[in-house]
Amino acid sequence: MQSDTYQIGLKNEEAVKKMSKDKGEPDWMLKKRLYSLSVFESKPMPTWGPDLSGLDLRDLAYYVSPNVGRADDLEDLPENLKKTFDALGIPEAERKFLAGNGAMYQSEVIYERMKDQLKKQGVIFMSMDEAVNKYPDLVQKYFMTRCVPPTYHKFAALNGAFWSGGTFLYVPKGVKVEMPVQVYFLVDHPSMGQFEHTIIIAEDGASVEYIEGCSAPAYIKGGLHAGVMEIFVGKGARVRVTTIQNWSKNVYNLVTKRAIVNEEGRMEWVEASLGSKVTMLYPASVLSGRGARAEHLYVSFASDGQVLDTGAKITHAAPDTSAYVISRSISKGNGRAIYRGQVRVNPGAKGSVNSVKCDSLLLSEESSTATFPVEEVYEEGSDVSHEASAGKIAEDQLFYLMSRGFSEEEARALIVRGFMEPVTKKIPLEYAVEFNRLIDLEMKGAVA
Amino acid sequence: MEEFKEFRDRAQLTYANALPLKWKQESGGHLVYREELRYSDYPMALPQGFEEPDTGGFHFNGSGDYVLKPLLECARDLWVSQELYRTSEDKLKLLALAGWKHGYYVNVPQGSKAELRVEADDCSNRLIVRAQEASELDLSVNFSSKSACNRFNASSMQVYAERGSKVTLNYATSSSGSNFLDFEGHVDSGSGMSLSALQVSGEYSRHFGSVDLEEGSSVRLLIGDFVPKRAFGDSMFVVKHGANSTSDVQMRAAVFGKGVIRGITGVKTGAKGSKANLQERVLMVGEEAKAITSPSLDIYEKDVEARHGSWSGRIGSKELFYLQSRGLTEEQAIALLIRGMFAPFFVVPMFSDVLGGIINA
Amino acid sequence: MEKGLSVVDLRVSAIGGKQILNGVTFDLPIGEIRVIMGPNGSGKSTLALTLAGSPDFKVDSGSAKLDGEDILSLSAEQRAKKGLFLAFQRQIEIPGVILKDMIWEAYRANWNGQGRPSIIDFRKTLAATAQGLSFSESFLDRAVNEGFSGGEGKKSEVLQMLMLKPRIALLDEIDSGLDVDSLRVVASALNDFARNGRSALIITHHYNLLDYISPDLVYVMKAGKIVDKGGLEIAKIIEKEGYSRWGVD
């Protein structure tokens, strides 16, 4: 276990200053970065959750300029990744790209052609770096202020100091964005931490869907992904965020996501976690206005060597708010899937309703799972319930499918797919198809 | 006796340095920290001496075949001594294990049947119970029949149900001050344990229990907590499973003050065929009611069937309307509901005495 | 009309929803059995639930009086104490609350007689009444409505009515789910119950029960209003032709 505080030293302060200068950021952003850095250095490592002792925070190049420290030979790619690319039919050139050789993708964001359409509606959709310069006042109002301040926890502070890339998505009053806004992010340098920072603002009555992630594994050698996502849902607005995470199995994925939901607003989180060595992911919804609602749908697949620790943090801070959580996790090999949730109903939040349902499926002898929910109910006029189950694939289901001609392997894959269906059905089709294929590959053991 | 005095002297040092167990339920970066009893409320030290042999503290009546002796009289017994000289790092548990005032050992010989009713006359009691192979024991203990316990009471009970035995337990604890009760159940192969435990909370009440299930054993737990206004009640039970073991745990609470209800199910690797069910139900009454529930599952074996559920809230508006349409006031409706919630307890006379008065209040 | 239930131009909406009752007017004098018939969706249950004080509905305007006194400003339990009883159409399960315990508590709460009620007498009466309804005693030991079939749920309501002896009984679809024998038993209980200073308002959309009961008046309800009234012949017309005579829905 790492020591409590880190003495990283002046080197980081210089790196932050250089980064800010190179990006041409306004002074307030530099100040914010420096403040975040000091918070990061003063906060201890978390004493709970998965083992983070393999994470060495001293050895990361936080900012890499485009031509320094490029990724190595394709031959250095781990065997399992090569197999995955084969199985997914990814051509040679793209493999180089996914292995981190693509120069254009240096901590940056790839846009879809929809950018023009969005512009017409008055929607602002650009990389966070660009937004800081183009809309400084707007960004300053929202960037690490009320939603995820640098003091939220150590890795939020780390992000605040070294963030680069991420999306700024602003939807004006009443605007409904029809097509989901999609973003890919990739990481280049093997020893680089990915600290993207995304802010989504939906003004009153607006509606938008945002998808991030990629089913093909994204590789970082000894990496850390400490991303932050801050979401503001206006009155009667609706935001859905879908994330498909498949970091290569050496990455520590410590993400912070939080949404503040106003009166009659609605927040939907859809999280599919497949990769990383360790994931700590607890999307939070703060229901701060009357009638606000949140929906958290999670599916995670923990294979050998993985610990996926996810959960929902929901705060009912106003009357008549409601939220529900569905979490489906699968553990294979010695993978461990954990649900760690927190529901809090503040005094005065009368008529709040909350329900959490988490189910775990264990596939192998060494698989394990755990659920650690906490419900703090400080308002008698509320209804809070939680249900969980854990077990293996039912023999009678297997038998039934096999009697219809499926091999045992196929039957298991089918059952696993069905188990995840309540969540995967909310993922847009092209992503879902890719995701399911990947699960099939995992089930077959083709990717060890 | 001498040995025990030495043991207690050594324990004094541990006690002085021990910290109260702080519950840190860690989730999503938010430390939920609960420590309601101030350090200064704990007794300064473990009690100093006692009469030899200690024969006060309880009164009993029983039937069947059993042996009942003060703990110190059996301190030479190998089995008893192993249990007697245990310590803990948790300040409260240590207080209960090493700082008891009256201690008794109950032994039901192999193949025998026994029935025993115990009433505590004083505070800080320890009961070590051994139901030997193929025996049957029906034991009921009232830890709080005397109101002398209202300052500080730390009692404990360790029950061993050995191979093929059947143990039925009922116990009640209540206090208006600080009250701590620690229960340990060890259920050996092929044995069954059924426990109904009721806590009526006072200023600070902590009821902790753990049950270890060996292969092929089963346990049924019914844990009730009644938390009046301005009271604090903390109930936590941990069940650890062995292969082919079964547990059914019902935790119920009527909370007018502040209640914490935690049920934990653990299944270790190799505990194949385990079946576990944990249900927590908390009825909150009144503006000041606060409840924290945390049902947890920690599973390392795929060949299991484990589930749990919890619910907290107030009486539903439809149910309330139905009862009101029969002429009942809201208070009467809630009292009915609470009576229904604790209904399984009323079967045992000891509980209905304790509960009956409270509910009507 | 001094004694009895009197409802004038009652308009009611569902909380956060649309208006369901559009001006209902009817009377239920003491000693009479009256019937309200109407198709599904006409608002019959809403009428019954609103009169009993359900929290799910809001009175927009109109009045409801029991013996000349307004009841709309009273809580559900106050109305019950004034002698109003509703036999629910939809069974509400209350896990953990044993039926016989609930009836005893209600019996005590509504006790108008000398001194305190005797639990021994209560138990005897309860057993006899249950038997009279062919309602198995084992159900008395179960939680309210938990696992009861439709017919058992209805009998449980009638049992409660007979034990609590309200002055005005509103029976919402008491006949649905009952077989012929049960129907006869319930009808006979109702006939005995009513008259002698009590009244019953039977809300239904079938004719079944009316084979065994002679109502004093039949009201027809449609789209949230009372649209007609008459004798038993109206019920017979409904049985043959449905409700088309009073307009298409």
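For this structure, a couple of remarks:
- 10 Å Cβ shell holding at most 12 others, DSSP loop, trypsin sites (Lys or Arg not before Pro): longest site-free stretch of chain C: C:91-249
- Three principal axis extents describe the C-alpha atoms of the protein assembly as shown; from largest down they are 100, 91, 61 Å.
- Among B:352, B:284, B:309 - extreme Cα towards positive end, dipole of the stretch B:264-361, charges at beta-carbon: B:309
- Over the protein assembly as shown: helical MRE at 222 nm, DSSP H runs n ≥ 4 each giving -39500 (n - 2.57), nearest 500: -7500 deg cm²/dmol
- Projecting the Cα atoms of B:224, B:235, B:267 onto the dipole axis of the stretch B:215-361, where Lys and Arg carry +1 and Asp and Glu carry -1 at the beta carbon, places B:267 farthest toward the positive end.
- Listed by chain and number, the lysines placed with their C-alpha closer than 20 angstrom to that of residue B:113 are B:69, B:166; residues fewer than eight positions away on the same chain are left out.
- Among the listed pairs C:18/C:165; A:154/A:350; C:65/C:165, those beyond 23 Å (Cα-Cα): C:18/C:165; A:154/A:350
- Each Lys and Arg contributes +1 and each Asp and Glu -1, all at the Cβ; summed about the Cα centre of the stretch B:2-314, the dipole is approximately 980 debye.
- 0 to 90° range, to nearest 10: angle between helix B:330-341 axis and chain B longest Cα axis: 40 degrees
- Mean shadow area of the stretch B:2-314 over all directions, Cα convex hull, nm²: 15.8 nm²
- Proximal lysines to residue A:134, defined as alpha-carbon separation beneath 21 angstrom and excluding residues fewer than eight positions away on the same chain: A:17, A:18, A:21, A:23, A:31, A:32, A:115, A:119, A:120, A:173
- Averaging 1/r over every pair of different alpha carbons in the stretch A:242-355 and inverting the result gives a Kirkwood radius of 14.3 Å.
- Solvent-accessible area of residue C:176 with every protein chain in place, 1.4 Å probe, in Å² to the nearest 10: 40 Å²
- Potential extension, residue B:277-residue B:60 segment - 0.36 nm per residue separation minus Cα distance: 74.7 nm
- Hull shadow area, averaged, the stretch A:269-423 [alpha-carbon convex hull, nm²]: 9.2 nm²
- For chain C, the Cα-based Rg and Dmax, in that order, read 17.7, 56 Å.
- Computed from Cα atoms, the angle from the helix B:2-17 axis to the main principal axis of chain B rounds to 40 degrees.
- Pairs of alpha carbons in the stretch A:317-367 separated by more than 14 Å make up 60% of all such pairs.
- The ellipsoid that matches the Cα gyration tensor of the stretch B:189-305 has semi-axes, each √(5λ) in whole angstrom, of 30, 13, 10, with the longest given first.
- Within the stretch A:11-43, backbone nitrogen closer than 14 Å to the virtual label 7 Å beyond the Cα of residue A:140 toward Cβ: A:25-33
- Hydrophobic, long helices, defined as DSSP H runs whose alpha-carbon span along the helix axis is 20 Å or greater and whose mean Kyte-Doolittle value is at least -1.0, occur in chain C at C:150-164.
- Helix B:349-360 and the longest principal axis of the Cα set of chain B meet at an angle near 40°.
The values are calculated or read from the model by the stated rules, or taken from the named source; none is laboratory data. Here the structure is a predicted model, which is why all the values come from computation and not from measurement. Cβ: placed from backbone, ideal geometry, glycine included. Neighbour counts: every protein chain shown. Just the protein is used for accessible areas: all its heavy atoms, side chains included, with ligands, DNA and RNA removed. Shrake-Rupley method; radii C 1.70, N 1.55, O 1.52, S 1.80 Å.
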